[in-house]
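Enquirer: Submitted below is the structure of interest, expressed as structure tokens.
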Amino acid sequence: MSDSVGFTNMAGAKSEGEAPTLGIGMLGYAFMGKAHTNALKKLPYMMYPPVAIPRLVGIAGRNKEAVQAAAKRYGYDKAYTQWQRMIDNPAVHVFDNGGPNDAHAKPCIVAAEAGKHVFCEKPLARTAEESHKMLEAVQKAGVKHMVAYNYRFVPAIVQAKRLIESGALGRIFHFRAVYLQEWIIDPNFPRVWRLEKKIAGSGSLGDLGSHILDLARFLVGEPKRVMGMTKTFIEERPMPDGSGMGKVDVDDAVTALLEFENGAMGTIEATRFAQGNKNGQRWEINGENASIRFNLERMNELEVFYPNEDPKETRGFHNVLVTESHHPYWENWWPHGHIIGWEHSFVHEFHHFFDAIVNNKPVAPWGADFEDGYRNAVICDAIMKSAKTGRLVDIAY
């Protein structure tokens, strides 16, 4: 694989000569397995010319019938009920971990030790300690590694990052973000794995809050201390197998205050009890020269406010449709105004990761590598510690 790259913009990465094939071994066939596979199949003909051609070598899961059905549906060469055997396949170059949180650490470490590049769903692990072991493994192995914080690859968010880096906002004063969902508000909703600490690690914090914490670090910078509060509203739920009631030992909702190293202040809120919110991720950044805000449910738009715009009678937040050919990634999609969706962020994400592999480029700072995943886990642990002690907690990596 070449160490050089022809680069025009974020969508313009390419391999020298014919694009190499990268064999993919996927762990997990449910929500994220489906989302990742969709992106892998779209990538070669939309991010064109492709930096690499993904080959769907294998897919692994515990349920034999379900994983065989997924392999047939998605087009994987082989189905595995043992992820170790899939990793051992020499045709697998990239291990893609879309499994539950308790299945992140060991398979990713084993894959790295086998020399496979590793792509892992978020949160990287259940705790900072577990995340750090994963970071050490990929660093020791010298493989490329990436955490699937896909919102870094939404064109409007990339555009926001560019505005901030250009100095257009000036000094940053505030970052505030919410991630609101409603899907477990029914007390009869079963205790799925996301509601069990030994599998998930945490509840709304790791599931939703980690996304907006990643955006806080991506857009504003490193937090230096946090103050957190968590709440579990429904402490027992029916077991999925009908065996009675099970304890819910993770947070249903979390709120946290952040102080950044650059002096900015931040707030985050994540909950799965916000009636009427389906996937309500919203954030706003206030700077000395301008403000910007974003709503994931209107993901092709970025709202921008400049206080000195003329005429003053029409000053206010302006809605920018981020679909012009000069906007991030847009040359690979449609004419302006023809919007893209949530699933396309994964196409951009894998394109970025494959570019790092093929052209020996760093995943960070535009992508989240395992260092970012570890730091995110440290912040999450600090929020949980603060919620337990009622005190401010310093961030220490």
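The values are calculated or read from the model by the stated rules, or taken from the named source; none is laboratory data. This structure is a prediction, so every number in the text was calculated from the model and none was measured. As a convention, Cβ positions derive from the backbone with ideal geometry for all residues, glycine included, and neighbour counts pool all protein chains shown.
Enquirer: Looking only at segment 224-281, which residues are of a type in the set (D, E, K, R) and in a strand (DSSP E or B)?
Expert: K224, R225, K231, E236, R237, K247, E259, E269
Enquirer: Among what's in segment 198-223 and is assigned to a helix (DSSP H, G or I) and among the charged types (D, E, K, R), pick the residue that is farthest from F260 (Cα to Cα).
Expert: Per the criteria, the residue is K198.
Enquirer: Of (1) at pLDDT below 95; (2) under 25 Å from G390 (Cα atoms), M227 satisfies all except one. Which?
Expert: Result: M227 fails condition (1) only.
Yes or no, residue by residue, for (1) touching a residue at least 12 places away in the same chain (Cβ under 8 Å); (2) surrounded by fewer than 20 Cβ atoms within 10 Å (Cβ to Cβ); (3) more than 22 Å from V57 (Cβ to Cβ):
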| position | (1), (2), (3) |
| --- | --- |
| P90 | no, yes, no |
| N97 | yes, no, no |
| V118 | yes, no, no |
| A125 | yes, no, yes |
| V138 | yes, no, no |
| Y151 | yes, no, yes |
| A156 | yes, no, yes |
| I184 | yes, no, yes |
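Enquirer: Kindly indicate which of V248, V220, V254 is crowded, with 19+ Cβ neighbours inside 10 Å, within 30 Å of S166 (Cα to Cα) and assigned by TED's automatic domain parsing to the domain that holds S345.
Expert: Just one listed residue meets the conditions, V220.
Enquirer: Being in a loop (DSSP other than H, G, I, E, B) and touching a residue at least 12 places away in the same chain (Cβ under 8 Å) is true for just one of E371, E324. Which residue is that?
Expert: Checking each option against the conditions leaves just E324.
Enquirer: Out of the residues in segment 186-211 that are surrounded by fewer than 24 Cβ atoms within 10 Å (Cβ to Cβ), of a type in the set (A, V, I, L, M) and under 20 Å from V147 (Cα atoms), which is nearest to the chain's Cα centre (by Cα)?
Expert: Here the residue is A200.
Enquirer: Identify the residue in segment 291-311 that is touching a residue at least 40 places away in the same chain (Cβ under 8 Å) and not hydrophobic (A, V, I, L, M, F, W, C) and, among all such residues, is surrounded by the fewest Cβ atoms within 10 Å (Cβ to Cβ).
Expert: Checked segment 291-311; the qualifying residue surrounded by the fewest Cβ atoms within 10 Å (Cβ to Cβ) is E301.
Enquirer: Somewhere in segment 301-312, is a residue modelled with pLDDT under 95, in a helix (DSSP H, G or I) and over 30 Å from M229 (Cα atoms)?
Expert: Yes.
Enquirer: Across segment 72-85, what is the number of residues that are of a type outside the set (S, T, Y), surrounded by fewer than 24 Cβ atoms within 10 Å (Cβ to Cβ) and either within 24 Å of the chain's Cα centre (by Cα) or under 21 Å from S210 (Cβ atoms) (or both)?
Expert: The number of residues fulfilling the criteria is 0.
Enquirer: What about K278, is it surrounded by fewer than 19 Cβ atoms within 10 Å (Cβ to Cβ) and within 26 Å of the chain's Cα centre (by Cα)?
Expert: It is true that K278 is surrounded by fewer than 19 Cβ atoms within 10 Å (Cβ to Cβ) and within 26 Å of the chain's Cα centre (by Cα).
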